[in-house]
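Inspection log for the structure reproduced underneath, given as structure tokens.
The values are calculated or read from the model by the stated rules, or taken from the named source; none is laboratory data. A quick note: this is a predicted structure, and the numbers were derived from the prediction, not measured. A quick note on method: Cβ atoms are made from the backbone with ideal geometry, for glycine too, and the neighbour counts reach across all protein chains shown.
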Amino acid sequence: MMEMDQGRFEALVGEALDTIPDELAERMDNVALFVEDIGDDPHLLGLYTGVPLTERDGYGVYAVMPDRITIYRLPILGLCATDHEVVAQVRTTVIHEVAHHFGIDDDRLAELGWD
């Protein structure tokens, strides 16, 4: 298992968010991102919880608690042997979960190579 402290890992998550094109980032609405060590499923790398933008009444009008994207540090580190692998896996996981916020399902993500 790769070792990496919480601060460095959170910085990688922030860097991954920065790679999202501006035109998409500007459309992210009412979503909060968190980093946790592990979720209920120890194999889960990330989790989107909420209502995708494409399913909201009025598309983007939303008056409840924010959607939540959680990135799980320990399962990602458990898959990786190098810093480079962690960077790549964090980016893939962040993009995967952000895609769910935009209403893209796992099948479409697999077609696009982001599974």
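Summary of values
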| read-out | value |
| --- | --- |
| Filtered residue count, region 7-24, keeping only those that are in contact with a helix residue (DSSP H, G or I) (Cβ under 7 Å, 6 or more places away or on another chain), assigned to a helix (DSSP H, G or I) and either over 20 Å from LEU79 (Cβ atoms) or not small (Gly, Ala, Ser) (or both) | 4 |
| Long-range neighbours under 9 Å by Cβ, at least six apart or interchain, first residue closer than 17 Å to VAL51 by Cα within region 7-31, second among the hydroxyl-bearing types (Ser, Thr, Tyr) and surrounded by 14 or more Cβ atoms within 10 Å (Cβ to Cβ) | ASP29/TYR62; ASN30/TYR62; VAL31/TYR48 |
| Scan of region 77-97 for residues that are in contact with a helix residue (DSSP H, G or I) (Cβ under 8 Å, 6 or more places away or on another chain), not in a loop (DSSP other than H, G, I, E, B) and not hydroxyl-bearing (Ser, Thr, Tyr), ordered by number | LEU77, LEU79, GLU85, VAL86, VAL87, GLN89, VAL90, ARG91, VAL94, ILE95, HIS96 |
| Pair list, Cβ < 8 Å and 6+ apart or interchain, from region 44-63 residues that are modelled with pLDDT of 65 or more to residues that are small (Gly, Ala, Ser) | LEU47/GLY39; PRO52/GLY103; LEU53/GLY60; LEU53/GLY103; THR54/GLY103; GLU55/GLY103 |
| Residue list for region 78-92, filter: more than 15 Å from GLU15 (Cβ to Cβ) and among the β-branched types (Val, Ile, Thr) | THR82 |
